[in-house]
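The values are calculated or read from the model by the stated rules, or taken from the named source; none is laboratory data. Values in this document were obtained by computation on a predicted structure and should not be read as measured data. As a convention, Cβ positions derive from the backbone with ideal geometry for all residues, glycine included, and neighbour counts pool all protein chains shown.
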Amino acid sequence: MSHSTNKLLMAAALAAGITGFTSAANAALQLTLSSSAGGSFSCVDNAACDQNAAIGILELENGSVGGFNYFGTASVANMGNTNLLTLSSLNVTNTNAGTGTLTITVGANNFTGPVDSISESGAITFINNLGAGASTLQYYADPNNVQPANPTNAPGTLLFTTSVTPTSNNQSFSGNNVSPFADPNLFSMTEVATLNLLAGASAVNFGAAMETTAAVPEPATWAMMILGFAGVGLTAYRRKRRDRAVRLA
């Protein structure tokens, strides 16, 4: 796994313990769990269901929805020069009598541009899940900045999808990708995890992350910036010479 993947997944796995992130005050981080057996649960950052008081960190109390027990589930949204959205869960177990699917949708808006690409990464380990169908991770970004996970929408463009099917009883998967996404302004990001689990099977140490960095200015933009700096310098130089002339007079 690459260094960037390790960095993003570490952020996802440690989401519940992070306290240094900053987030736009009007950005809404939201998360929804939906079971194929019926039932769903949604939580918004800083609502009563959020166990972490920090803005931009959403941590769920251990619980159950539609026959799926979840433990250590959290998300982080950071806006700024580096935009970051993570989703992590230490354990999801299917307690239903048969195979079922748990879909987790998480997202936030007001991530800040300019950006020119988004890095996606994910990792998951299945326990006792040989014979289950494919589980998927999907990553979305929306230049219209529509609020995602409200409760299950994933607005914008589907940037990347990865699908994994267990070929052994206990198996781990991980990987990363970089998708082009150019936006000079505010935008939203969404992650959708669809976990297909046999009865009694678990998904452990699950993490997904999206990260952007500020776009590098185009050569023409650099030229304009240099001209601007030169103009400021010339103005200061002329002012200095004028002040000196006044003093000599």
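Quick notes
- Only one entry in Asn46, Asn52, Asn69 is in the same structural domain as Val92 (by TED's automatic domain parsing) and farther than 23 Å from Met210 by Cα, namely Asn69.
- Spans of strands (runs of 3 or more DSSP E) in region 40-154 with at least 2 residues buried (at least 21 other Cβ atoms within 10 Å of the Cβ): 57-59, 68-78, 82-94, 100-111, 115-127, 135-142
- Condition check for Thr101: modelled with pLDDT of 95 or more, under 19 Å from the mean Cα position of the chain (by Cα) and assigned by TED's automatic domain parsing to the domain that holds Leu31: no
- Residue in region 144-157 that is closer than 16 Å to Leu58 by Cα, assigned by TED's automatic domain parsing to the domain that holds Ser35 and modelled with pLDDT under 95 present: yes
- The set of residues in region 158-178 that are outside any strand (DSSP E or B) and closer than 18 Å to Gly207 by Cβ comprises Pro166, Asn170.
- Considering region 179-208, and only residues there that are in a loop (DSSP other than H, G, I, E, B) and surrounded by fewer than 23 Cβ atoms within 10 Å (Cβ to Cβ), the residue that is nearest to the chain's Cα centre (by Cα) turns out to be Leu186.
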